[in-house]
Amino acid sequence: MKRKLWIWLVPLVLVLLFIFLGVMPRLANQQELQAAVKREENRVSHVNVVTVTRSEDTTNLSLPGQIQPFKETTLFARTQGYLKRRFVDIGSQVRAGQLLATIDAPELDQELLRAKAEQKLASSNLDRSRSVTLEGAVAQQDLDSREATYEINAANVRRLEALKRLQEIRAPFGGMITSRTIEIGALMNAGSTTPLFTLSQLDTLRVFIDVPQTYYRSIKVGQQVQVKVPELPGQEFKGQVIRTSGVLRPESRTLLTEIIIPNQNQELMAGLYGQVNFQVKPTTAPVIIPANTVVIKSGGPKVVVVGADNILHLQAIEIGRDYGTEVEITDGLNGGEKIVTNPTDYLQDGQQVQLAAATASAK
């Protein structure tokens, strides 16, 4: 009888021990976790915020550009012949109208002599016809024909004399010879695509830059700029806006702007890469916020806005220029919003929070 009692008593004790030592602690832990979760759900998070404002400060707009000669042209032969002499080489400073080279064209010289002889003959025949005083001795048709022949020969002489003048290659403006592709004795052909010289005006330089759409209204003709070249540290060169294209390029939404830079001492060299700095104040002041308020999520950058009754809202934004500790916002914020600094992943859309500190301003 006692043996049967022990057979039932031992399993019962083991079951009770399992429930007491195994199940009860787990139930207690689960209840504690549920209570902690409920407390966390009911707890109001404290957040730090800044108030978004628009920046009214002048912005330093720096844009890249290649420095170019103010004027540059390539000179070609306009008549056929051989290069007889050249008076300049690369690096030569020339003035407007200066003789650069001459072309020898013996065929043209002979053609001009023949044309002058034909003009002289036509002039003699015309004078002889006009000298006849007897009425009806010379038909009016013959007289008209000889006058036309004279005019044709005179026009041919003028054409050949113009070609003769083209045997002299002269500078159209003052500047420096920056390339030469000919040698004495080389055959010149009218209409050739090979230039004789390249002439550049370097006492004034210019830079073409593309101004972003955000700042196009801030660019004015006559506006002063500063130009910096990486190879000339510590030096700034003054420039001026002389013209703009007047329209934005549709493919890049930029305004083509031309800058001129005085270069009387030729400290700058054409072809250098430089940075053009504008001091501009945008007509629509940009929104600039601290970089630590931006949250990068799968849908793009966002900020956590604290709305009415301290309810959170995740607001999508578009970032413009990055200044390191601050970023420019081109869309998504209008100014006046309160946004959370250093937002955590625990903050959710629609969550109620409590402000932990006095509101500062984001500029």
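The values are calculated or read from the model by the stated rules, or taken from the named source; none is laboratory data. These figures come from a predicted structure and were not determined experimentally. FYI the Cβ positions are ideal-geometry reconstructions off the backbone, even for glycines, and counts take in every protein chain you see.
The conditions of being at pLDDT 90 or above, of a type outside the set (Lys, Arg) and assigned to a loop (DSSP other than H, G, I, E, B) are met by Val221.
From the residues in the stretch 90-123 that are in contact with a Gly (Cβ under 6 Å, 6 or more places away or on another chain) and surrounded by fewer than 18 Cβ atoms within 10 Å (Cβ to Cβ), which one is farthest from Asp203 (Cα to Cα)? Per the stated criteria, the residue is Asp104. For Ser252, the stated conditions hold: it is loosely packed, with under 15 Cβ neighbours inside 10 Å, in contact with an Asp or Glu (Cβ under 7 Å, 6 or more places away or on another chain) and modelled with pLDDT under 90. Residues in the stretch 187-204 that are surrounded by 15 or more Cβ atoms within 10 Å (Cβ to Cβ) and of a type in the set (A, V, I, L, M, F, W, C): Met188, Leu196, Phe197, Leu199, Leu202. Annotation note: of Asp210, Asp203, the sole residue that is assigned to a strand (DSSP E or B), over 16 Å from Arg95 (Cα atoms) and either aromatic (Phe, Trp, Tyr) or in contact (Cβ under 8 Å) with a residue 60 or more places away in the chain (or both) is Asp210.
Residues in the stretch 236-275 that are within 24 Å of Gln93 (Cβ to Cβ), touching a strand residue (DSSP E or B) at 6+ places or on another chain (Cβ under 8 Å) and part of a loop (DSSP other than H, G, I, E, B): Asn263, Gln264, Gln266, Glu267, Leu268, Met269, Ala270, Gly271, Leu272.
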